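Everything on this sheet refers to the single structure shown next.
The values are calculated or read from the model by the stated rules, or taken from the named source; none is laboratory data. Being a predicted model, the structure only gives us computed values, none of them experimental. Note: ideal-geometry Cβ built from the backbone for every residue, glycine included; neighbour counts use all protein chains shown.
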Amino acid sequence: MTDPTNAPPSVDRGDLPEPVFQKPPILTRVLDEAEAKIREPLARWKFFQRLFLLDRDWMTRITMLMLIGAMVWGVIGGLDATGFQSQAYAYSTTGTITLTNQEIYSSVTLHGLRMLFGFAQQLEMALFGLLAINAMGVKPRHKWALYTSVGLINASIMLLEGPFYLWPTFNDNYFPSLGWTFTSPLGIQGQSAYVIGPLWFIGWYALAAAVLIWAGWMLVHFRDWFRTRPAGAAGRLPVSLLFILATVILIPLTYAPILVSTTWDVGTYYLGWALNPLVNQVIFWMFGHGIVYILFLIPVAALYLLIPILSKRPIYSYRFALVAAILFIVLTPLLGIHHLFLTALPTWSTYATMVISFLIIIPSAITFFSLWMTVKGVRRSQWEWNIVALFALLAFAGSIAGGLSGPDVATIGSDVDLHNSLFVLSHFHTITILGIVAGGYAVLYAVFPLLCGRAWISAWLARVHFVATAIGGIIIVLCFEELGALGILRRQVLFPNVPAVDMYNVILMAGIVIILVGQLFFVLNGFLTAYRGRPLATTGLSFDEAIRTAARSTYPRPTVPIHDVPVERKTSRARRERVEKIWVGSVMVLVIIVLAAATPQAFSVTQGITSAANAPAGSEFVTLTGQPYYWTVNETGPIHGTFDNAIVAYAGQWISINASATGATQSLYIPFRSLPVVNVQVVPGSTSYSLFQAPSTPGVYGAPDGEFDGPWFGQDAAALIVLPTGAVSDLSAFQSAGGLGDIYNPPVMTAASASLVGDGEGLFNHSIPGPTLYSAAGVVSFSWEVPLSSIGINNYLVNVTSNDKNAQQQYVVDHNYILPYAVGIYQINATRGLVPMLVQPSLTINHVVNESASLASGVYLYGLISPVSYSYDPDGQSNGSTGSQLGEVMGLWGVLWVGP
Amino acid sequence: MSGPAPPATEPDEEPANSWFGPFAIFGYIAAIAGGWAIYEMLAYADLPTFTVATLPTVGGIAIALAIFFWIGARAPSND
């Protein structure tokens, strides 16, 4: 024993003055003082003091700040979804759109950014930090590192919004319309017609810095725990912390690629570096998929935390949970390429990624089996269905449902049918809403009372929140699934106006409203709890007991005691692990069998995209050159010609596609249902191939661009025009065959009775291409009109950028209603391509044109058959700091089918 | 007779794994979630490539779910 009188002088005992080097650095002191000067006056206001917990320790204050920030971004992100879907709803019910294309697509981008990073990433950081510090019992350090992280993540979301102008005229349309992220080269100056402003890239740097700083901050505390942990079993990490540690390890593995990808883009943008978009996209998707798993670990960690606590039993198998955590870390960074299955990547890379994508089923299988087994033996009377338990149940279900739809898109063969369709959004939102969000809420309901020291004020509000989240979420994923099964693309607001599509869009809107309103109940409950909730007594309670105390405050009539009960295992570890081994072994055998069965089709698909197949004699050789927002089509073979957005072939003829692109990734997508789906992605800088047989039924088949390429994405749709091998027949066979189930087929109308009317999107009758007109040979007549009322910001025909609708219409009036675009009727000729039959040199607005011509049996194009150059430049504000948007848009065209 | 009274015992009439206990409820929910995942892909069964492209995966998922419930039902409780 040490004699205190002989102990050396100590600063702690006050024997010595505090050395200067042990004082906080001057910057920290200045920041501390500044924070105190801001906080102390605010703390005198009860509102701020209660809401921001200004009288509490810094860790609690910052955590609360992050939670508030997450909820703010969550609500705004929800409104973003409403912004997009309100337009889809309007298009379904009235055929009109009121927002600009820029606003519509930026709302989707910002929805993704705000939800994934502002809400979910920030929520994860707040909850995981709080749980780790408390569960490990370490003293939080490095306050300003955490503050910096919080500041940066919130600043990054604002930076990613892009610039907006207050003067000379308000304009917020430079919000990013790229996607929840960007797929190179979209957005890069010199590489793309859509150029994003530099704030976008700064935002990504800020976001990566924020999350990396937080991961470093977490690692410091894990290290602190590691150095002081007790020996033996007591010194092992609690099971939920295994997954929090996995998240912390995955963050640098995930965010480093986005730094590389962004830096490459910035270097290309400003320094003219050479760009390989396909390689850049591979790097990007190491981030793009990794972030989903980082966020998926919210429900995983939540369930590993809460189910043992609520059931008062340890996890079924700690060692298998450890294996699952390790497998998540090892496999997650390797999955990105499964987003690029349909590009011209080498076969070995796509196949290897398919295998790895199946292997990650194993840690998920371990997780959900172990969690289920953990509650086995828990009596009904020992379990309380409070809100924490209900959200845990929802997260359990959502993770299983969403997780099990993952292998479908990870199977190369079926990815052809699913890629970029709304099925992908169904899969993704099942994971995000019903898994990640539900898991986040489960933890939030458990720890929020501990954070603010108050019990939940209303179990009723919590129940309404749960019910609305569950019902709204289920409606959303169900509608996405049904729309995806029909073949509808994601991000497309100009979808085919058929009854089923319209119906699901209306229901989808209802689902979004329900879930959004439900969140308001949570916000209200949280605010009232922080402000007026009764104090929560947790003194003397264990961490688990405190969680149960918080959870029971969401239950009207709690009966289950909150106290820990000693657990004496009756079932040996070996027996429990034997069960786990049987389960995991079964899954591994199944994975091998499924992979073996799926391999031939996987190779067939990939090799078909990466190399030109031997086309049968008599094939049509089609060279596609994609750019925003159309294909240039050059054909050789039985049919010679050059077309815009039209691929022409004979019935049953093999079509050999050789496709390249500039400006943005393009996709040839023909969602047949009675024939194999055609779906091939074309990344600039690479060549993609496809060999498929044209339908044996002549007709006009819709072929939209499946890959978002900018604000005029909706108009970017081509047609596969299948000519009869003999004399041109009528279209009755095409119609009776349901157009082979391609939902994008333009409707067939009798020419004489057709009344074609241009709409606000520059389309005829809300259809792209316009309706297929049918007539018998002889004198063919039809009428069309582009009314002045259809001219506005979204009608590319008038290149005047202004949110004032009168500006575009005034331009038309000023030009005597004449626009310089040739419109007419063109014959599709097998040897000469397009032959003008009846062409007017200009397009007259607000004038009903009665076309009448004597036409022989054959297939013709009508309307404006070439793209129109468009430059989005409001008040000359497009420049290096805002970005710019150019494009070649076409939509006011269709096929005239003249039968015998 | 002196000394502490023996602890009161109650007949434990509630089965450990009743049809309405948390284990059963989590199981039902897992079945619904798994069923939904299978239904999602069966919506594509009319595609001509379904048999070679999708059926192996969907079949694997269905069998895995069956094994999940079979093993889970027979596994020893977490006691």
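Brief remarks on what is shown
- Here A:Leu508, A:Leu516, A:Leu541, A:Leu520 are screened, and the one residue that is under 28 Å from A:Val560 (Cβ atoms) and in contact with a helix residue (DSSP H, G or I) (Cβ under 9 Å, 6 or more places away or on another chain) is A:Leu541.
- Qualifying residue in the range A:609-616 (condition: assigned to a helix (DSSP H, G or I), free of Cβ contacts under 8 Å to residues at least 60 places away in the same chain and either more than 18 Å from A:Pro867 (Cβ to Cβ) or more than 14 Å from chain B (Cβ to nearest Cβ) (or both)): no
- Residue within the range A:380-401 that is within 8 Å of chain B (Cβ to nearest Cβ), charged (D, E, K, R) and out of contact with any Ser or Thr (no Cβ under 7 Å at 6 or more places or on another chain) present: no
- For the range A:391-420, a tally of residues being surrounded by fewer than 24 Cβ atoms within 10 Å (Cβ to Cβ) and farther than 30 Å from A:Asp705 by Cα returns 1.
- Taking the range B:58-79 as the range and being facing another protein chain (nearest Cβ under 7 Å) and of a type in the set (Phe, Trp, Tyr) as the test, only B:Phe68 passes.
- Scanning the range A:369-379 for residues that are facing another protein chain (nearest Cβ under 7 Å) and either outside any helix (DSSP H, G or I) or hydrophobic (A, V, I, L, M, F, W, C) (or both) returns A:Phe369, A:Trp372, A:Met373, A:Val375, A:Lys376, A:Gly377, A:Val378, A:Arg379.
- Search result, residues across the range B:41-57 that are farther than 12 Å from A:Asp417 by Cβ and either within 7 Å of chain A (Cβ to nearest Cβ) or not in a helix (DSSP H, G or I) (or both): B:Pro56
- Any chance A:Val594 is within 13 Å of another protein chain (Cβ to nearest Cβ), within 30 Å of A:Gln653 (Cα to Cα) and buried (at least 16 other Cβ atoms within 10 Å of the Cβ): no
- Residue match in the range A:439-451 (condition: free of Cβ contacts under 8 Å to residues at least 60 places away in the same chain and aliphatic (A, V, I, L, M)): no
- Failed criterion for A:Trp273 (all others in (1) without any contact (Cβ under 8 Å) to a residue 12 or more places away in the chain; (2) assigned to a helix (DSSP H, G or I) hold): (2)
- Residue among A:Trp214, A:Trp273, A:Trp225 that alone is among the aromatic types (Phe, Trp, Tyr), surrounded by 20 or more Cβ atoms within 10 Å (Cβ to Cβ) and either modelled with pLDDT of 95 or more or out of contact with any strand residue (DSSP E or B) (no Cβ under 9 Å at 6 or more places or on another chain) (or both): A:Trp214
- Taking the listed residues A:Phe320, A:Phe287, the one that is part of a helix (DSSP H, G or I) and within 17 Å of the chain's Cα centre (by Cα) is A:Phe287, with no other qualifying.
- The lone criterion from (1) among the aromatic types (Phe, Trp, Tyr); (2) over 24 Å from A:Lys570 (Cβ atoms); (3) more than 9 Å from chain B (Cβ to nearest Cβ); (4) assigned to a helix (DSSP H, G or I) left unmet by A:Phe341 is number (4).
- Residue count, the range A:654-679 (criterion: surrounded by fewer than 22 Cβ atoms within 10 Å (Cβ to Cβ) and over 30 Å from the mean Cα position of the chain (by Cα)): 2
- Residue among A:Val786, A:Val780 that is modelled with pLDDT of 95 or more, more than 21 Å from A:His815 (Cβ to Cβ) and in contact with a strand residue (DSSP E or B) (Cβ under 6 Å, 6 or more places away or on another chain): A:Val780
- Within the range A:71-99, being of a type in the set (Gly, Ala, Ser), in a helix (DSSP H, G or I) and in contact with an Asp or Glu (Cβ under 9 Å, 6 or more places away or on another chain) holds for A:Gly83, A:Ser92.
- Some residue of the range A:395-408 being within 19 Å of A:Val680 (Cβ to Cβ), hydroxyl-bearing (Ser, Thr, Tyr) and modelled with pLDDT of 95 or more: no
- From the list A:Asp12, A:Asp57, the lone residue that is modelled with pLDDT of 90 or more and of a type outside the set (A, V, I, L, M) is A:Asp57.
- Which numbered condition A:Ile512 fails, given (1) free of Cβ contacts under 8 Å to residues at least 40 places away in the same chain; (2) away from every other protein chain (no Cβ under 14 Å): (1)
- Count of residues meeting criterion [closer than 16 Å to A:Ile366 by Cα and within 9 Å of another protein chain (Cβ to nearest Cβ)] in the range A:566-577: 2
- Yes/no for A:Leu237 being crowded, with 18+ Cβ neighbours inside 10 Å and part of a helix (DSSP H, G or I): no
- Failed condition for A:His338, given (1) closer than 25 Å to B:Ala62 by Cβ; (2) crowded, with 24+ Cβ neighbours inside 10 Å: (2)
- The listed residue being without any contact (Cβ under 8 Å) to a residue 12 or more places away in the chain and farther than 26 Å from A:Trp273 by Cβ, out of A:Phe170, A:Phe119, A:Phe175, A:Phe128: A:Phe170
Residues are listed down the side, and each one gets a yes or a no for (1) surrounded by fewer than 24 Cβ atoms within 10 Å (Cβ to Cβ); (2) within 26 Å of A:Ala193 (Cβ to Cβ); (3) in contact with a Lys or Arg (Cβ under 8 Å, 6 or more places away or on another chain); (4) touching a residue at least 60 places away in the same chain (Cβ under 8 Å):
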{"position": "A:Leu723", "(1), (2), (3), (4)": "yes, no, no, yes"}
{"position": "A:Leu740", "(1), (2), (3), (4)": "yes, no, yes, yes"}
{"position": "A:Leu797", "(1), (2), (3), (4)": "yes, yes, no, yes"}
{"position": "A:Asn806", "(1), (2), (3), (4)": "yes, no, no, no"}
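- The range A:692-713 residues that are on the phi < 0 side of the Ramachandran plot, paired with ones that are in a loop (DSSP other than H, G, I, E, B) and among the β-branched types (Val, Ile, Thr) (beta carbon under 6 Å, 6 or more apart): A:Glu707/A:Thr665
- Failed item, numbered, when A:Thr181 is tested on (1) modelled with pLDDT under 90; (2) surrounded by fewer than 21 Cβ atoms within 10 Å (Cβ to Cβ); (3) closer than 30 Å to A:Arg491 by Cβ; (4) touching a helix residue (DSSP H, G or I) at 6+ places or on another chain (Cβ under 7 Å): (2)
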